[in-house]
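Enquirer: The following block contains the structure, expressed as structure tokens.
The values are calculated or read from the model by the stated rules, or taken from the named source; none is laboratory data. Keep in mind that what you see is a predicted model, and the values were worked out from it rather than measured. Positions of Cβ are generated from backbone atoms using ideal geometry, with glycine treated the same way; all protein chains shown enter the neighbour counts.
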Amino acid sequence: MQWSKTESRARFNLATSGVAPFPLRELPVQLETLEINGDNSYGYAPLQRAIATHHGIDPDCVVESAGTSMANHLAMASIIDPGDQVLIEHPAYGPILDVARYLHAHVKRFPRTEETGWVIDPKVLRDCITPKTRLIVITNLHNPTSALTPDWVLREIGDIARSIDALVLVDEVYLDAVYERTPRTSFCLGPEFVVTSSLTKVYGVSGLRCGWILARPDLAWKMRRLNDLYSATAVYPGLLLSVAAFKHLNLLREKGRRIVEADRKLLRDFLIQESAISAVWTEWGTTSFVQLLDGNADDFLHMLRAEFDTSAVPGRFFEMPDHFRIGMGVNTEMFAEGLNRISRALS
Ligand SMILES: Cc1ncc(COP(=O)(O)O)c(C=O)c1O
């Protein structure tokens, strides 16, 4: 996170993970209807309903949070006690590991491998659990690879968790970047599932910090009470704007989608042409995880930034230092020139 805030910028910035910012002027909202203060204690009812309707679930299962970041924190802090075993995918989005460690969990890992397309193998997962495992944590789509975990695998993960009285936390912040036949949230697959998400990555309104957790009502209450320690209540105008964003969600999503799809076409040609790198191909998602077949990816990215004013995310942040992550969906002209510069740097 620190690297991304302070060192990721470049003229050709491919170190992104979400779509371009959606501007306020394009959101059909009457600014004079905004207000600074208003009724909001344990959740702003219209937003809670909008999130529940979006997922087709009961509003009692929705906990509002400041982005998926706070959602992951609240979810894990409400579920695990110090010393509990938490089983987290490898490679993983760093802050998820950091939260588990911050909570003094005993962190264990299970591998997703490139050879098998980064999919989760339930047999591998089964071998990694112990009676002490309290929580299994995955991202779907997977950050950094954008691999999609299908429902049948999620169901098996749910069965594994149930067999040891554990829960499954699924971070779905990228899931709506499956633009065709978008899967339903895994929360609907059983009571052992807890889900986190936000409007950050796929909808371009990160600044609203509109995040949420889906959890069964007793756990949801624990999370709302815990949030009393952190945020007390949310920024009220942000809640109003978040409700407006939900009213026009398709407008936001389609805008990002057009850029992601144009970028993906360029990425496909680029990956076919470049023999010095390889990546598992996906038809969805906003990121691609690329392996540099020869040489050190960190050195390569330093050179890419210094000499070609182009950035991508070093794989070391995902514990895979011979890889780097490329982000789609911000600006196709910039993306095309960024890929062009990566090609030049590779040669
Ligand atoms: C898997 C994952 N979860 C959560 C986040 C943070 O999301 P938010 O901006 O909603 O806090 C990110 C951001 O990169 C992410 O990749």
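Enquirer: For region 40-74: of the residues being small (Gly, Ala, Ser) and away from the ligand (no atom under 16 Å from the Cβ), which is farthest from GLY285 (Cα to Cα)? Write out each step before concluding.
Expert: To start, the set of residues in region 40-74 that are small (Gly, Ala, Ser) comprises 41, 43, 45, 50, 52, 56, 65-67, 69, 71.
Narrowing the set further to residues that are away from the ligand (no atom under 16 Å from the Cβ) leaves 41, 43, 45, 50, 52, 56.
Numbers: SER41: 35, GLY43: 30, ALA45: 31, ALA50: 24, ALA52: 23, GLY56: 22 Å.
Filtering first and then ranking leaves SER41.
Enquirer: On the given criteria, is PRO150 away from the ligand (no atom under 16 Å from the Cβ) and surrounded by fewer than 17 Cβ atoms within 10 Å (Cβ to Cβ)? Give the derivation first.
Expert: On the way: away from the ligand (no atom under 16 Å from the Cβ): yes; surrounded by fewer than 17 Cβ atoms within 10 Å (Cβ to Cβ): yes.
Yes.
Enquirer: To continue, here is another question. Can you tell me which residue within region 123-141, out of those that are surrounded by 16 or more Cβ atoms within 10 Å (Cβ to Cβ) and part of a loop (DSSP other than H, G, I, E, B), is farthest from the chain's Cα centre (by Cα)?
Expert: In this case the residue turns out to be ILE129.
Enquirer: Look at VAL170 and say whether it is within 13 Å of the ligand (Cβ to nearest atom) and modelled with pLDDT of 95 or more. So that I can check it myself, show each step before the final result.
Expert: Details: within 13 Å of the ligand (Cβ to nearest atom): yes; modelled with pLDDT of 95 or more: yes.
Taking the combined requirement at face value, the residue satisfies it.
Enquirer: Checking the condition outside any helix (DSSP H, G or I), crowded, with 18+ Cβ neighbours inside 10 Å and not β-branched (Val, Ile, Thr), which residue from ARG341, ARG325 passes?
Expert: On the way: ARG341 fails: outside any helix (DSSP H, G or I).
Checking each option against the conditions leaves just ARG325.
Enquirer: Any chance you could count how many residues in region 1-39 are polar (S, T, N, Q) and more than 16 Å from the ligand (Cβ to nearest atom)?
Expert: First pass over region 1-39, keeping only residues polar (S, T, N, Q): 2, 4, 6, 8, 13, 16-17, 30, 33, 37.
Then keep just the ones that are more than 16 Å from the ligand (Cβ to nearest atom); that gives 30, 33, 37.
Count: 3.
Listed here are the residues, each with its yes/no results for (1) closer than 30 Å to PHE308 by Cα; (2) loosely packed, with under 12 Cβ neighbours inside 10 Å.
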{"residue": "MET1", "(1), (2)": "yes, yes"}
{"residue": "LEU14", "(1), (2)": "yes, no"}
{"residue": "SER17", "(1), (2)": "yes, no"}
{"residue": "PHE22", "(1), (2)": "yes, no"}
{"residue": "LEU27", "(1), (2)": "no, no"}
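Enquirer: Considering only region 209-218, state which residues are in contact with a helix residue (DSSP H, G or I) (Cβ under 6 Å, 6 or more places away or on another chain) and either surrounded by fewer than 24 Cβ atoms within 10 Å (Cβ to Cβ) or more than 29 Å from ARG257 (Cα to Cα) (or both).
Expert: Listed by number, the residues that qualify are ARG209, PRO217.
Enquirer: If you take just the helices (runs of 4 or more DSSP H) that sit entirely in region 142-259, which of them hold at least 2 residues that are under 30 Å from ARG316 (Cα atoms)? Even if it seems obvious, please write down each step before you answer.
Expert: Working: elements: 151-163, 217-230, 236-247.
Answer list for region 142-259: 151-163.
Enquirer: Looking at region 173-182, which of its residues are more than 16 Å from the ligand (Cβ to nearest atom) and either free of Cβ contacts under 8 Å to residues at least 40 places away in the same chain or out of contact with any helix residue (DSSP H, G or I) (no Cβ under 7 Å at 6 or more places or on another chain) (or both)? Walk me through how you get there before you give the answer.
Expert: First, the residues of region 173-182 that are more than 16 Å from the ligand (Cβ to nearest atom): 179-182.
Result: GLU180, ARG181, THR182.
Enquirer: Name the residue, out of GLY83, GLY56, GLY43, that is in contact (Cβ under 8 Å) with a residue 40 or more places away in the chain and surrounded by fewer than 21 Cβ atoms within 10 Å (Cβ to Cβ). Outline the logic, then answer.
Expert: Numbers: GLY83 fails: in contact (Cβ under 8 Å) with a residue 40 or more places away in the chain; GLY43 fails: surrounded by fewer than 21 Cβ atoms within 10 Å (Cβ to Cβ).
Selected residue: GLY56, the only one of GLY83, GLY56, GLY43 that is in contact (Cβ under 8 Å) with a residue 40 or more places away in the chain and surrounded by fewer than 21 Cβ atoms within 10 Å (Cβ to Cβ).
Enquirer: Another question, if that's okay. Looking at region 191-202, which of its residues are more than 13 Å from SER17 (Cβ to Cβ) and hydroxyl-bearing (Ser, Thr, Tyr)? Break it down into steps so the answer makes sense when it comes.
Expert: So in region 191-202, the residues more than 13 Å from SER17 (Cβ to Cβ) come out as 191-197, 199.
Listed by number, the residues that qualify are THR196, SER197.
Enquirer: Here is a list: SER231, SER197, SER186. Which entry is within 16 Å of the ligand (Cβ to nearest atom) and within 13 Å of the chain's Cα centre (by Cα)?
Expert: Being within 16 Å of the ligand (Cβ to nearest atom) and within 13 Å of the chain's Cα centre (by Cα) holds for just one of SER231, SER197, SER186, which is SER197.
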